[in-house]
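Only one structure is covered here, and it is reproduced in the block below.
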Amino acid sequence: MTMLLGSKCLPFPRGYTAADGVLTPNDSWKSELEGQVFWTEDTEHGTGYLIGLMVVKNDTGAAITIARRFCEFSITDSLDFRRRIGTFPANTEGAVALPLDDAYTVGNTIADDDLFYVLVSGPCSVETGGVGNFVAWMSVMTSALGKIRDLAAVPAGDFVIGTLDTAASYTANSTAIVLVDAFPLKMPPAAG
């Protein structure tokens, strides 16, 4: 894992992809960047925090339409995990997933095999579903829709992506801030 300070060290700017529609990437294009983490200042939420951005490849087999949701890692082939996104939005409750960097414009697309950023550390806006069980500072997991799971307690075997930020109220079908703290990227042990 590479840790570099300063936005000038990013291999491509936030809000853009590596090919950004100029090139047509293939499965091995720029694979040396896959899974690397770069540290830069939070420019989306104005906190001044250093945030961790991981470069991942769109390995879903189609273009991704950008939304404020979680991306689920591929486990199809050897060494895909931590490098390639196999499902967007995530569709497995409690899966090891990370939020798509919220510097991307909702509704734009990320081409198949292109490289983009997910957040591994720092604040990120993510869609809510229902909010019946939301409480400030609760552990955040993905739902089967790639949204913040409406469940305050962490079931055994579920991956905790981060913590829900404090707020006066949470609104159903909007976004909330998740303070992502996803290291190490591994499933917790199952109950038993």
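The values are calculated or read from the model by the stated rules, or taken from the named source; none is laboratory data. Since we're looking at a predicted model, the values are computed, not measured. Positions of Cβ are generated from backbone atoms using ideal geometry, with glycine treated the same way; all protein chains shown enter the neighbour counts.
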Scan segment 92-103 and tell me whether some residue there is modelled with pLDDT under 95, of a type outside the set (Asp, Glu), in contact with a Pro (Cβ under 8 Å, 6 or more places away or on another chain) and farther than 29 Å from Thr24 by Cα.
yes
The lone condition Leu151 fails out of (1) within 17 Å of the chain's Cα centre (by Cα); (2) at negative phi is (1)
Review point. In segment 118-134, is there at least one residue being under 18 Å from Thr47 (Cα atoms) and aromatic (Phe, Trp, Tyr)?
Key: no
Test result for Thr76, at pLDDT below 95, assigned to a loop (DSSP other than H, G, I, E, B), under 20 Å from Met187 (Cα atoms) and among the β-branched types (Val, Ile, Thr)
yes
Note: among Thr40, Thr92, Thr60, Thr105, just one is of a type in the set (S, T, N, Q) and assigned to a strand (DSSP E or B), namely Thr40
Residue pairs within 9 Å by beta carbon, gap of at least six or interchain, first lying in segment 165-186 and under 22 Å from Gln36 (Cβ atoms), second of a type in the set (Lys, Arg), listed first then second, are Leu185/Arg82
For this session: State whether one or more residues within segment 174-184 are of a type in the set (A, V, I, L, M), at pLDDT below 95 and assigned to a loop (DSSP other than H, G, I, E, B).
Result: yes
- Query: Is at least one residue of segment 91-110 out of contact with any Ser or Thr (no Cβ under 8 Å at 6 or more places or on another chain) and at positive phi?
  - Reply: no
Of those in segment 151-162 that are surrounded by fewer than 17 Cβ atoms within 10 Å (Cβ to Cβ) and of a type outside the set (Gly, Ala, Ser), the residue nearest to Leu50 (Cα to Cα) is Val160
